[in-house]
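Chemist: Have a look at the structure that comes next, please.
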């Protein structure tokens, strides 16, 4: 063998040996990576999750050893990654493992919805009995509706059992909605019910429920075509049902005159069922209500409520009676309807807002005596609402500070809401009182929660923070009166400097405290810290000193504008903590002499955002001769609006708080109270700066 051949063989052997060593090194590295605990892999796993790289993610999750702290997260991500990468059969046992090991974990609750849809499709009708109880226990109306709809799809089209499940699905979709709310997700179920109507056997009132809801979800013309086909199965009620569906469909399409004609013909028919007649009056009342013919609408709703049962939607009829009676000036009827609603249907989300709005409208019109029943009813029924203390404040003004009734209401306000801005406004002698603080430490957290707190802290500072927040809020929703849970959540949020979450927790605790009948004065010191935190404190102090303004005023603006989030973007394109618009930011940069072209992205820089907002506050303070109340209102409503509509408006001669309360800008009217109330409470809690 020549020397050159020998050299080539030696070189080849060396290359092979080097390649083998490299492969061994890579394999050892992969083993080490796979052996890394879940806690150290969250950034990597999140990057794959966000980029939909589910095959890679599931492979890594299968190699990672079981995690003592985050095993529920590992199983959840693995099950979801397998499902989303098409390995559906492999996903099912992982879901079941998650449910078995962590039956009460939030991630198990979250996983049950995709599991039901998957199991229904893969296992079919045989899984029905075990899946239905899970479906109706899901946490949201959409999930419950969609899951039951998936089970309904296991039945042959047009069969009675399928109809029962579809109707159940419709009701589940709407279980958290009220009569005035649409539920777009239910349209597919309604379409199936209408398309397969001939195969279903529902009662008269069930058909009315389906048809009227379909009309309100934009399927009125289809309902008009289907109703006559169903009418023969409804006996003598069939023609009236068809006419009611036609009238509601016309109403939804804004053909009020034609709808009224149909209803009048229906009501003139002899022998009509009393329930259908009452429903006709209700639909007629709706037509008149939305046509602003409120006196006539009141009469129709009264007729409907005499029947007071299905097929009349009693809550809807009573609610619109309340609104129409108010607009018609029949306050006695409006208040009576409102009292019944507060007694029987207080969960309606719009009710506290409408009560407050009606009371304020009477107050603004100078009808103070007529304002009081609405304001007091709102405050009594919804003590945890963010406007309940405002309602008591306005009721005090209506009754008169020097009257016994007015003094009594003011005492209620002071007892329940010692943090209310209205106390600063109405009782100047109490402005120096300290914020009341309870020394109660509350109960200790449960043993199971103690184990979860370290998990929250790990997740809150990771890209999977949403899972921790969802779990926290779910826990608080289940036990709203358990103050120890709030403290545990607050400590976890504060440990990662998530001031947005900190403030949200403080506001939830305040609401729960008030709704339980207790005073905000019962809150412990840490709860007030949660409500009024001091994020970015060194920077805030520095800017406050530079411009000669109160640092707590800066924090109060920041709290109202962004709840201390540096990344929030408003619908109007306002950026970050103090919600600076790019146009305002450019103007401020010019005023500050900052050289170079202005870039709106610079507003995401926390220091610059606080500096710009602080300078602007100082500018507004100087513009309004040192009046912080006018300056705060201008930060929201615009300096030109406040100058024209407050300082030069018809109420310019009134004291500043009274003329600001007449500002014709509803958002600004609330805004300055919130900001300056926070400023007052910051100063009382931490001491003046």
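The values are calculated or read from the model by the stated rules, or taken from the named source; none is laboratory data. Quick caveat: nothing in here was measured; it's all calculated off a predicted structure. With ideal geometry, Cβ positions are generated from the backbone for all residues, glycine too; neighbour counts draw on all protein chains shown.
Chemist: Just give me the residues in region 569-593 being within 19 Å of residue 539 (Cα to Cα) and either touching a helix residue (DSSP H, G or I) at 6+ places or on another chain (Cβ under 7 Å) or free of Cβ contacts under 8 Å to residues at least 12 places away in the same chain (or both), in sequence order. Walk me through it before giving the result.
Modeler: Pass one, region 569-593, residues within 19 Å of residue 539 (Cα to Cα): 575-580, 585, 588-589, 592.
Within region 569-593, 575, 576, 577, 578, 579, 580, 585, 588, 592 meet the criteria.
Chemist: Among the residues of region 320-337, write down those that are under 21 Å from residue 277 (Cβ atoms) and within 26 Å of the chain's Cα centre (by Cα).
Modeler: 320
Chemist: Sticking with this structure for a sec: Looking at (1) in a helix (DSSP H, G or I); (2) surrounded by 14 or more Cβ atoms within 10 Å (Cβ to Cβ); (3) modelled with pLDDT of 60 or more, which is the only condition residue 67 fails?
Modeler: (1)
The rows are residues; the columns are (1) surrounded by fewer than 16 Cβ atoms within 10 Å (Cβ to Cβ); (2) within 22 Å of residue 567 (Cα to Cα); (3) not assigned by TED's automatic domain parsing to the domain that holds residue 474.
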| position | (1), (2), (3) |
| --- | --- |
| 488 | no, no, no |
| 492 | no, yes, no |
| 495 | yes, yes, no |
| 500 | no, yes, no |
| 519 | no, no, no |
| 545 | yes, no, yes |
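Chemist: If a residue has to be touching a helix residue (DSSP H, G or I) at 6+ places or on another chain (Cβ under 6 Å), more than 22 Å from residue 515 (Cβ to Cβ) and assigned to a helix (DSSP H, G or I) to count, how many in region 398-411 make the cut?
Modeler: Let us first name the residues in region 398-411 that are touching a helix residue (DSSP H, G or I) at 6+ places or on another chain (Cβ under 6 Å), namely 398-400, 405-406, 409-410.
Cutting the leftovers down to more than 22 Å from residue 515 (Cβ to Cβ) gives us 398-400, 405-406.
Applying the additional criterion that residues be assigned to a helix (DSSP H, G or I) yields 398-399, 405-406.
Matching residues across region 398-411 total 4.
Chemist: Determine, yes or no, whether residue 297 is assigned by TED's automatic domain parsing to the domain that holds residue 421 and either without any contact (Cβ under 8 Å) to a residue 24 or more places away in the chain or crowded, with 19+ Cβ neighbours inside 10 Å (or both).
Modeler: For residue 297, the condition - assigned by TED's automatic domain parsing to the domain that holds residue 421 and either without any contact (Cβ under 8 Å) to a residue 24 or more places away in the chain or crowded, with 19+ Cβ neighbours inside 10 Å (or both) - is not met.
Chemist: Would you confirm whether any residue within region 614-623 is within 33 Å of the chain's Cα centre (by Cα) and either more than 15 Å from residue 584 (Cβ to Cβ) or free of Cβ contacts under 8 Å to residues at least 12 places away in the same chain (or both)?
Modeler: No, because not a single residue in region 614-623 is within 33 Å of the chain's Cα centre (by Cα) and either more than 15 Å from residue 584 (Cβ to Cβ) or free of Cβ contacts under 8 Å to residues at least 12 places away in the same chain (or both).
Chemist: Let me ask something else about it. Looking at (1) free of Cβ contacts under 8 Å to residues at least 24 places away in the same chain; (2) over 33 Å from the mean Cα position of the chain (by Cα); (3) assigned to a helix (DSSP H, G or I), which is the one condition that is false for residue 130?
Modeler: Unmet for residue 130, out of (1) free of Cβ contacts under 8 Å to residues at least 24 places away in the same chain; (2) over 33 Å from the mean Cα position of the chain (by Cα); (3) assigned to a helix (DSSP H, G or I): (2).
Chemist: Among the numbered conditions (1) without any contact (Cβ under 8 Å) to a residue 40 or more places away in the chain; (2) more than 31 Å from the chain's Cα centre (by Cα); (3) closer than 23 Å to residue 548 by Cβ, tell me where residue 628 comes up short.
Modeler: Status for residue 628: all satisfied but (1).
Chemist: Moving on. Just one of 471, 414 is surrounded by 16 or more Cβ atoms within 10 Å (Cβ to Cβ), touching a helix residue (DSSP H, G or I) at 6+ places or on another chain (Cβ under 7 Å), touching a residue at least 12 places away in the same chain (Cβ under 8 Å) and not assigned by TED's automatic domain parsing to the domain that holds residue 524; which is it? Reasoning before the result, please.
Modeler: Values: 471 fails: not assigned by TED's automatic domain parsing to the domain that holds residue 524.
From the options 471, 414, the qualifying one is 414.
Chemist: Residues that are farther than 21 Å from residue 674 by Cβ and assigned to a helix (DSSP H, G or I): does region 390-397 have at least one? Give the derivation first.
Modeler: The initial filter retains those residues of region 390-397 that are farther than 21 Å from residue 674 by Cβ, namely none.
Scanning region 390-397, I find no residue that is farther than 21 Å from residue 674 by Cβ and assigned to a helix (DSSP H, G or I), so the answer is no.
To keep it simple, each residue is scored yes or no on (1) at pLDDT 95 or above; (2) surrounded by fewer than 15 Cβ atoms within 10 Å (Cβ to Cβ).
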| position | (1), (2) |
| --- | --- |
| 617 | yes, no |
| 640 | no, yes |
| 645 | no, no |
| 649 | no, no |
| 653 | no, yes |
| 659 | no, no |
| 665 | no, no |
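Chemist: If only one of 61, 77, 107 is assigned to a helix (DSSP H, G or I) and either closer than 26 Å to residue 151 by Cβ or touching a residue at least 60 places away in the same chain (Cβ under 8 Å) (or both), which one is it?
Modeler: Working: 61 fails: either closer than 26 Å to residue 151 by Cβ or touching a residue at least 60 places away in the same chain (Cβ under 8 Å) (or both); 77 fails: either closer than 26 Å to residue 151 by Cβ or touching a residue at least 60 places away in the same chain (Cβ under 8 Å) (or both).
Only one candidate passes the filter, namely 107.
Chemist: Hey, another quick one. With surrounded by fewer than 18 Cβ atoms within 10 Å (Cβ to Cβ), closer than 30 Å to residue 239 by Cα and assigned by TED's automatic domain parsing to the domain that holds residue 264 as the only criterion, which of 320, 302 stands out? Walk me through how you get there before you give the answer.
Modeler: Values: 320 fails: surrounded by fewer than 18 Cβ atoms within 10 Å (Cβ to Cβ).
Residue meeting the stated conditions: 302.
Chemist: For region 300-350, which residues satisfy the criterion of being touching a residue at least 60 places away in the same chain (Cβ under 8 Å), part of a loop (DSSP other than H, G, I, E, B) and farther than 20 Å from residue 385 by Cα? Working first, answer last.
Modeler: Let us first name the residues in region 300-350 that are touching a residue at least 60 places away in the same chain (Cβ under 8 Å), namely 310-311, 313, 315-316, 319, 348-350.
Checking which are part of a loop (DSSP other than H, G, I, E, B) leaves us with 310-311, 313, 348-350.
The answer is 310, 311, 313.
Yes/no matrix, rows are residues, columns are (1) crowded, with 21+ Cβ neighbours inside 10 Å; (2) within 27 Å of the chain's Cα centre (by Cα); (3) assigned by TED's automatic domain parsing to the domain that holds residue 518:
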position: 339; (1), (2), (3): no, yes, no
position: 365; (1), (2), (3): no, no, no
position: 395; (1), (2), (3): yes, no, no
position: 399; (1), (2), (3): yes, no, no
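Chemist: Taking region 274-294 as the search range and keeping residues that are under 33 Å from the mean Cα position of the chain (by Cα) and either assigned to a loop (DSSP other than H, G, I, E, B) or outside the structural domain of residue 338 (by TED's automatic domain parsing) (or both), which one is nearest to residue 354 (Cα to Cα)?
Modeler: By that ranking, first place goes to 292.
Chemist: Just the residues that are within 22 Å of residue 510 (Cβ to Cβ) and assigned to a helix (DSSP H, G or I), please, taken from region 413-452.
Modeler: Passing the criteria: 413, 414, 415, 416, 421, 422, 423, 424, 425, 426, 430, 449.
Chemist: Please enumerate the residues belonging to region 631-689 that are in contact with a helix residue (DSSP H, G or I) (Cβ under 7 Å, 6 or more places away or on another chain) and assigned to a loop (DSSP other than H, G, I, E, B).
Modeler: Those that are in contact with a helix residue (DSSP H, G or I) (Cβ under 7 Å, 6 or more places away or on another chain) and assigned to a loop (DSSP other than H, G, I, E, B): 651, 652, 661, 663, 664, 665, 689.
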